[in-house]
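The values are calculated or read from the model by the stated rules, or taken from the named source; none is laboratory data. Here the structure is a predicted model, which means the values were calculated and not measured. Here the Cβ is made from the backbone with ideal geometry for all residues, glycine too, and neighbour counts use every protein chain on show.
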Amino acid sequence: MRTDRRDFLRFSLAGSSMVALTGAIPNFLGHTAAQSPQAQQAGARDTILVVVQLTGGNDGLNTVIPHSDPNYARLRPTLRIQNFLRVNDTIGLHPSLTGMQSLLQDNAMCIVQGVGYPNPSQSHFRSMDIWHAAATTDVLNEGWVGRALRHIPAATSFHLANPNEAAPLALTGAPSRVPSIGTLDDFTQRLQAASAPDRRQQRDLLDSVSRPGNPQSSMLDFVQRTAVQTYASSQRLAQIGRDYQPRVPYPTTALGNHLKLAAQLIDAGLGARLFYVTHDGFDTHAAQLPAHANLLRDVSEAITAFYRDMAARGQGNRVLIMTFSEFGRRGHENGSQGTDHGSGAPMFLVGGRVRSGLVGDHPGLVNLDQGNLPHRIDFRQVYATVLDQWLGVPSRQVLGQAYDHVNVLRGA
């Protein structure tokens, strides 16, 4: 069977990593693609969102503590926190959150209390899917971040993850696959592989057929320019990895390393606007006190370092860090000095433009629903606020309906 040059070109490009870049490498390599004026205007803000997922169900009651409520000591006879960090006369923070307390004092952190959704599920998988999809229907196959990315066509997004960690449902539905990377070296190597020497024959063929008048010249020109951008971007990122000096020290933890990587990618000027990172281990059914203290210390130190680093670089007003967990824990401790799956829990928002302080009332420790703290704010209200007022994305189109905003951002 005879294969002519056109067929060879078609099949070569179909298998080439240069064309596959749109599925494996972020959109900054495709910025040379033609876009309509409407697409260029959509989501045109310069803001950055970093989502930090606390996997396992963070105990909100020992994170944001109603220290003046006598029911707290009654429900937590051995797990109550007495050396809390004071927020006001009724609320305190876990003592591991010293960094985040400093952000609160510097008007850079907002605590949204009692966040959840109606008829909560105590299943890790189901509840996490609900938070990821921002929906409670039986079938959930697209994520709210993925849908949001459809409205920001020129944005770059990253899943910052350990090796072999699956991308979360929250990112499903994006116009191109969000890459998962663990280190800058790993990402640089993947970029360099897309323009490796064994692609030279394909590039030579592209050169020979990409002539004026050729009906495929526009597509071929785009592929050539993408390959050049790939190589240039990999070189630039490698240099950034060697030269980047954080303005404040990061903790040498997984979360600290991932947020440092986010800072490096932001500093690279790649048009990155969305980052997603997870921090596991919050399913504290037994021996909760030491484990939870270490987990919250990791969160506080990593987020504080990231924000301080960004602020020192003049980017503090561009970044917004949002934490969430699939549910909180029950009000009363269990017999193993731990806590079981619950419902309502706090969210943290950190950034230079947050409305610092407490938002919403604490869920309260009376009239618990089978031991669960009731939610007072639907998590989709927080999402809607972030979409509309921070990312410049129409929340109704992402969430499927309108939700009231919560007062978490200044100048919105």
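If Gln113 satisfies every condition in (1) of a type outside the set (Val, Ile, Thr); (2) part of a strand (DSSP E or B); (3) over 24 Å from Ala345 (Cα atoms) but one, which is the exception?
Every condition holds for Gln113 apart from (3).
How many of the residues in region 344-353 are modelled with pLDDT of 95 or more, in a loop (DSSP other than H, G, I, E, B) and of a type in the set (Gly, Ala, Ser)?
Total satisfying the criteria: 1.
Does Ala154 satisfy the condition of being over 30 Å from Gly357 (Cβ atoms), touching a residue at least 60 places away in the same chain (Cβ under 8 Å) and hydrophobic (A, V, I, L, M, F, W, C)?
Criteria met by Ala154.
In region 387-409, which residues are among the aliphatic types (A, V, I, L, M) and in a loop (DSSP other than H, G, I, E, B)?
Within region 387-409, Val393, Ala402, Val406, Val408 qualify.
Please go through region 354-378 and pick out each residue that is assigned to a loop (DSSP other than H, G, I, E, B), hydrophobic (A, V, I, L, M, F, W, C) and surrounded by 16 or more Cβ atoms within 10 Å (Cβ to Cβ).
Leu365, Leu368, Leu373
Kindly indicate which of Glu301, Glu326 is at pLDDT 95 or above, within 23 Å of Ala133 (Cα to Cα) and not basic (Lys, Arg).
Testing whether each residue is at pLDDT 95 or above, within 23 Å of Ala133 (Cα to Cα) and not basic (Lys, Arg) leaves just Glu326.
Can you work out which of the residues in region 168-186 that are in a loop (DSSP other than H, G, I, E, B) and within 20 Å of Ile266 (Cβ to Cβ) is modelled with the highest pLDDT?
Applying the filter and picking the extreme gives Ala174.
Test each condition in (1) on the phi < 0 side of the Ramachandran plot; (2) surrounded by 15 or more Cβ atoms within 10 Å (Cβ to Cβ); (3) under 28 Å from the mean Cα position of the chain (by Cα) for Pro118 and report the one that comes out false.
So Pro118 meets the others, but not (2).
Hey, can you tell me all the residues within region 70-93 that are surrounded by fewer than 12 Cβ atoms within 10 Å (Cβ to Cβ) and in a loop (DSSP other than H, G, I, E, B)?
Pro77, Thr78, Gln82, Asn83, Asn88, Asp89
Among the residues of region 146-184, which ones are crowded, with 22+ Cβ neighbours inside 10 Å and under 12 Å from the mean Cα position of the chain (by Cα)?
Selection gives Gly146, Ser157, Phe158, His159, Leu160, Pro168, Ala170, Leu171, Val178.
Could you tell me whether region 277-295 includes any residue that is crowded, with 19+ Cβ neighbours inside 10 Å, over 13 Å from the mean Cα position of the chain (by Cα) and over 22 Å from His94 (Cβ atoms)?
No; the residues of region 277-295 include none that is crowded, with 19+ Cβ neighbours inside 10 Å, over 13 Å from the mean Cα position of the chain (by Cα) and over 22 Å from His94 (Cβ atoms).
Where in region 187-283 are there helices (runs of 4 or more DSSP H), lying fully within it, with 1 or more residues that are modelled with pLDDT under 75? It would help to see each step written out before you state the result.
Numbers: elements: 200-209, 217-243, 254-267.
By residue number, 200-209, 217-243.
Any idea which of (1) closer than 25 Å to Pro249 by Cα; (2) polar (S, T, N, Q); (3) in a helix (DSSP H, G or I); (4) modelled with pLDDT under 85 is the one Asn162 doesn't satisfy?
Evaluating Asn162 over (1) closer than 25 Å to Pro249 by Cα; (2) polar (S, T, N, Q); (3) in a helix (DSSP H, G or I); (4) modelled with pLDDT under 85 leaves (3) as the failure.
Could you please find all residues in region 30-69 being part of a helix (DSSP H, G or I), modelled with pLDDT under 50 and of a type in the set (A, V, I, L, M)?
If the condition is that a residue be part of a helix (DSSP H, G or I), modelled with pLDDT under 50 and of a type in the set (A, V, I, L, M), then Ala39 is the only one that fits.
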